[in-house]
Amino acid sequence: MSTMKDFKAEKPTWCPGCGDFGVLNAMQRAAVSLGLEPENVAVISGIGCSGKMSQHFGGYGLHSLHGRSLPTAQAVKLANKNLTVMAAGGDGDGFGIGMGHFIHAMRRNVDITYIVMDNHIYGLTTGQASPTSDIGSTTKTSPHGTVEKPIEPLQLALSERCGFIAQGFSGDTKHLATLIEKAIRHRGFSFVNVFSPCVTFNKVNTYEFYKTGLVNLDEDEGYNNADRFEAMRRVSEANNLVVGVVYEDPAQTAYEDTVYGYPSESLVSMERGLKQEEYDRILAAFH
Amino acid sequence: MQDCGWKIGGKQGEGIDSTGDIYAIALHRMGYYVFTYRHFMSLIKGGHTNYKIRVADEQIRHHGDLVHVLIAFDQTTIDENWQELADGAVVIYDGAAFEAKLPGDRDVNLCQVPLTEIAKQAGGAIMKNMVSIGVTAAIHNMDPELFHPVIEDKFGKKGAKVVQSNLEAVRQGYVYYEEHYKAHIPMPKPSVVPSDERHFYVSGNQAAGFGALAGGCRFLAAYPITPATEIMYWLINEMPKHGGIVVQAEDEIAAVNMAIGANFSGVPAMTSTSGPGFSLMMEALGLAGMSETPLVIVDVQRSGPSTGLPTKTEQSDLNEALYGTHGEIQRIVLTPRTVEECFLYTADAFSLAEKYQMPVIVLTDLYMGMSSQTIDRFPADKVMADTGKRISDEALLALEPGAFVRYDETVKDGVSPRSLPGQKNGRYVALGNEHNGIGLEVEETYIRQAQADKRMRKLQHFTHQSGVTVDGIKDAPFALVGFGSTYGLLEEARQKLAQSGLQVKHIHFSRVAPFPKEDFAAAMGGVERALVVELNQQGQLANVIRREAGYHDILFNGLKYNGDPLYLHEVLERAGQVFPMGVLQ
Ligand SMILES: Cc1ncc(C[n+]2csc(CCOP(=O)(O)OP(=O)(O)O)c2C)c(N)n1
Ligand code: SF4
Ligand SMILES: [Mg+2]
């Protein structure tokens, strides 16, 4: 049985108080709760403060390029289906430079979990506007306030019919851990957006800001998270400030379960090269 | 060698390609060597397209300069191709469609054949292509029944009636020509009896796909692009039979990062692309280099820059393959000379990528990728099988958790054993940041330097069957030099020059990185003038040679970059300017 210690690596380098500590903690808790072994978990991260996740989480890690965690993570999983694969990154990484991959990962529906540490700012590059910055945010690159409409990650995922959508808050790691656990359990692509405050560069979207005013859908007995349009309405009414499992469609089939020819054994265990009869069959087609 | 050129031309959408395929495959199966080249445009219907087939009684690796039989479905076909017509060539056209005119003076036979009318009588206007094959058979004194098996193969699924009417179209075309015209062009004799072991009809792209499979590749991620898509098509059919998959990525950035991800998991993986896609992969190329993750990229070059000429050939991505990506990484760049080497080196790319833990780029081009041709054998017995340095489960279990040093900078040859996800105690982080031994990003100057030096050491003792070859007189004072797909043509040029008395050799690169320094120096022994022939504007190979080996005063450029493939007469002409003229008559 693994313990929290098994999923610890080097001491994180985040600023004291950074929201990403809570996300790391929740990921570790989820892994322990699911009984995973560290060698069977791979975290693939992008670039940003959040991108350090692959180094701080004690599984195998691939710290990829800015915005490219998702294609990399999908392939890590497709190549070795026995791994639990989490992709992790920031709001700039996932909704700016990597946005295209996010939408296509939802379409493709490979069985991985995507965790975004959404701090509404570019942290690592010291405080520029991000795709989720609210209109009017003053940052180093928007001294007069941003004018672009922010991306709404949950609505985007809902419109793309992502099979599992949740939102958490790194100030509540216990709840966040349950969300990540459910996300990993979901067969297919799962998305967990996390309000993860940047205490250094974002003085608006702070712990205080989120501590009041978040609607917890998991505690709302009347909420039906199987109803996509209901989800869209509730997220919209709360101005995106919800936490909990926003939507789940267990009926969707994962890429691996649908795509023609995906082998039942893991790709990595396949024999290399070709046998003589395989050569002969291929050669015959070239005559 | 005896050879003969045939070309059919018309508008895209008129069935030019399938006619060419039928004719080429029929000849191939009769035991000829064929080489095909398709001229096409980046649109679906309407533009001029033509299909050239060269037939010979020996191995050929070029589609030839001359056309002996031209089937012209429109005047444009004549206007665009008349200069290639050999003396005594036969031009077939349908007088009901247009009245053929030769734009210049040429000693050729213009023969009107009512292709469409004959086709209609045989069962439908669409079969005018088959009528033209019958006419061709007559011109060459070939038995039209020889085409029966291929027609059976091609149309058998559509029923016996379709087969019969296509055959009838061939026969009627034959009869019409026999009755009306006298011009005959001798055909060489087929020299091979095709067998299970010998005589295959294959394109460079198919060979690269086959090679990938033979080399262990079980994961392809790619985004469609001419002229590389056929690699994807071929592997989409084959991969599932061998426990592998093909993913159509959302773009080339995704494709290359997927290939890195799969390799990280331990599955030999690649992406295939052409120039525009290759450009999008530059950042990831650096990630593979820095994180020491195996990666294979096949770049089927086309004419650039930017969108360039999407359906035309060029060899202008060499610089990008050698130097692309910011910062400094090591990479291996293989430049197959032949279709056989497309197979072999794409296969080997996977072993090399794992052995040296770095990106391997296989540079082919549209000309080799899309031209189908006859080869004798696939060099399957020469394929490497190397999974590189791996740390065993036992060795890992003997370590304390966290003690595995993935990027051990003390290893002599620079290549440190890797673990794969799933191996207990093998945890590390593969990353593009500078890092220490366990894959933690660090900025200490001494670690940076040690890790950078470790990576650079990896190719110091590189060995591989690719490199540089020399054909002809070993210590000749004159040399033709090239890389990749121009091998066959430069060989023909060398032989022609040698026949006219020139002391000449042909030096050809099948690998440009790591640069085969010693072998190239040996090859250049005794050379007074070297003509470096390549399909780009700036003389990229010549510049690499200058940079890596010198020879500044004796290198001459032979450059072509107008979108057309290279022709023999062009090489001979340039050779005549560079080498002493007197011996060349
Ligand atoms: C291709 C590329 N462009 C730009 C950068 C610089 N860069 C690094 S992180 C980052 C933004 C990080 O913001 P986010 O993804 O929100 O992560 P955070 O630091 O806030 O966790 C940028 C622009 C880069 N590394 N690569
Ligand atoms: S800059 Fe912000 S996001 Fe980055 S570590 Fe510090 S608090 Fe966290
Ligand atoms: Mg951010």
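Sorting B:178, B:250 by solvent-accessible area of protein heavy atoms yields B:178, B:250, largest first, with a 1.4 Å probe. Annotation for residue B:389 and residue A:125: the two label points, set 7 Å from Cα along the Cα-Cβ direction, are 3.7 nm apart.
Distance between the C-alpha centres of the range B:81-151 and the range B:503-524: 45 Å, rounded to the whole angstrom. At a Förster distance of 25 Å, what's the computed FRET efficiency of residue A:219 paired with residue A:37, Cβ-Cβ distance as r, to 0.05? It comes to 0.15. Quick check: the angle from helix B:282-291's long axis to the longest principal axis of chain B, C-alpha only, nearest 10 degrees? With both axes taken from Cα atoms, the answer is about 40 degrees. Taking a sphere under 15 Å around the Cβ of residue B:571 and counting the other residues whose Cβ falls inside, with K and R at +1 and D and E at -1, yields a net charge of -1. For residue A:258 and residue A:148, a Förster radius of 45 Å and the Cβ-Cβ distance give a FRET efficiency of 0.80, rounded to the nearest 0.05. Note on the range B:3-180: Cα-Cα pairs beyond 25 Å make up 27% of the total pair count. Over all other residues within a Cβ to Cβ distance under 12 Å of residue B:490, the charged ones net out to +1, with Lys and Arg as +1 and Asp and Glu as -1. Working value for chain A: equivalent-ellipsoid semi-axes of 34, 21, 20 Å, each the square root of 5 times a Cα gyration tensor eigenvalue, largest first. Among the GluC sites (Glu not before Pro) within the range B:495-569, those in coil by DSSP and having at most 13 neighbouring Cβ atoms inside 10 Å are B:528. Helix-only arithmetic for chain A: the sum of -39500 (n - 2.57) across DSSP H runs with n ≥ 4, divided by the residue total, places the mean residue ellipticity at 222 nm at -8500 deg cm²/dmol. Of the three principal axes defined by the Cα atoms of the protein assembly as shown, the extents in descending order read 96, 65, 58 Å. When chain A is treated as a GNM with alpha-carbon contacts under 10 Å, the residue of A:173, A:258, A:132 showing the greatest mean-square fluctuation is A:258.
The GNM of chain A, with springs linking C-alpha atoms under 10 angstrom apart, assigns the highest mean-square fluctuation among A:186, A:101, A:144 to A:144. The string of couplings for the range A:35-49 from the Karplus curve (6.51, -1.76, 1.60, θ = phi - 60°) is x, 7, 9, x, 6, 9, 10, 10, 10, 10, 10, x, 10, x, 4 Hz, one whole number per residue in order, with x for Gly and Pro. At the residue level, residue B:455 shows approximately 20 square angstrom of accessible surface with a 1.4 angstrom probe and all protein chains present. Per residue, the convex hull spanned by the Cα atoms of chain B measures out at 158 cubic angstrom. In the elastic network of chain A, a GNM with C-alpha springs shorter than 10 Å, the most mobile of A:171, A:100, A:90 is A:100.
The ellipsoid equivalent to the alpha-carbon distribution of the range A:123-174 has semi-axes of 26, 16, 9 angstrom, derived from the gyration tensor eigenvalues as √(5λ) and listed largest first. The distance separating the Cα centre of the range B:311-345 from that of the range A:44-68 comes to 30 Å. Restricting the range A:195-277 to GluC sites (Glu not before Pro) that sit in a DSSP loop and have at most 13 other Cβ atoms within 10 Å of their own Cβ leaves A:221, A:265, A:271.
Report the trypsin sites (Lys or Arg not before Pro) located in the range B:470-568 that are in a DSSP loop and have at most 15 other Cβ atoms inside 10 Å of their Cβ, or state none. Taking the range B:470-568 and a limit of 15 other Cβ atoms within 10 Å, the loop trypsin sites (Lys or Arg not before Pro) found are B:474.
The Cα-based radius of gyration of the range B:414-565, divided by its Kirkwood radius, gives an Rg/Rh of 1.16.
Projected over all directions and averaged, the alpha-carbon convex hull of the range B:387-463 occupies 5.5 nm².
So what's the angle, to the nearest 10 degrees on a 0 to 90 scale, between helix A:173-185 and the longest Cα principal axis of chain A? Value to nearest ten degrees: 30.
Globularity index of the range A:1-49 is 1.19 (Cα radius of gyration / 2.2 N^0.38 Å, N = number of residues).
Once the chain from residue B:400 to residue B:552 is taken as fully extended at 0.36 nm per residue, the excess over their C-alpha distance is 49.1 nm. Pop the C-beta distance of residue B:412 and residue B:446 into the FRET formula with R0 = 25 Å and round what comes out to the nearest 0.05. In this case the efficiency is close to 0.85. For the range B:256-283, a reduction of at least 30 Å² in accessible area between the chain on its own and the assembled protein chains (probe 1.4 Å) is found at B:257, B:258, B:261, B:264, B:265, B:267, B:283. By the Kirkwood approach, averaging reciprocal distances over each pair of separate Cα atoms, the range A:234-287 gets a hydrodynamic radius of 16.4 Å.
Enclosing the Cα atoms of the range B:169-301 in their convex hull gives a volume equal to 186 cubic angstrom per residue.
Just how far, in whole angstrom, is the range A:143-185 from the range B:2-66 if you go by their alpha carbon centroids? Answer, in whole Å: 56. Take the range A:1-122, drop everything but the C-alpha atoms, weight them equally and run the Debye formula without solvent; then report log10 I(q)/I(0) at 0.14, 0.17, 0.20, 0.21 Å⁻¹ to two decimals. For the range A:1-122 at q = 0.14, 0.17, 0.20, 0.21 Å⁻¹, log10 I(q)/I(0) is -0.53, -0.78, -1.07, -1.17.
Listed by chain and number, the aspartates and glutamates whose C-alpha is less than 20 Å from the C-alpha of residue A:149, apart from same-chain residues fewer than 8 away, are A:91, A:93, A:118, A:134, A:160, A:237. Listed by chain and number, the lysines placed with their C-alpha closer than 27 angstrom to that of residue B:517 are B:355, B:382, B:389, B:412, B:454, B:458, B:474, B:505, B:560; residues fewer than eight positions away on the same chain are left out. Partner shielding of B:397-408 amounts to 1, given as the average count of beta-carbon atoms from other chains within 10 Å of each residue beta-carbon. Across q = 0.09, 0.15, 0.17 Å⁻¹, the range B:200-382 modelled as identical point scatterers on its alpha-carbon atoms has Debye log10 I(q)/I(0) values of -0.25, -0.74, -0.97, in the order of the q list. Based on Cα atoms of the range B:318-428, Rg over Rh with Rh as the Kirkwood radius reads 1.09.
Once you list every other residue whose beta carbon is under 10 Å from the beta carbon of residue A:55, what net charge do they have if Lys and Arg are +1 and Asp and Glu are -1? Every neighbour counted, the sum reads -1. By how many degrees, 0 to 90 and rounded to 10, does the Cα axis of helix A:276-285 deviate from the longest principal axis of chain A? Result, in degrees: 90.
The values are calculated or read from the model by the stated rules, or taken from the named source; none is laboratory data. The structure presented is a predicted model; accordingly, all values stated were derived computationally and were not measured. With ideal geometry, Cβ positions are generated from the backbone for all residues, glycine too; neighbour counts draw on all protein chains shown. In case anyone asks, the SASA skips ligands and DNA or RNA and just uses the protein heavy atoms, side chains included. Shrake-Rupley method; radii C 1.70, N 1.55, O 1.52, S 1.80 Å.
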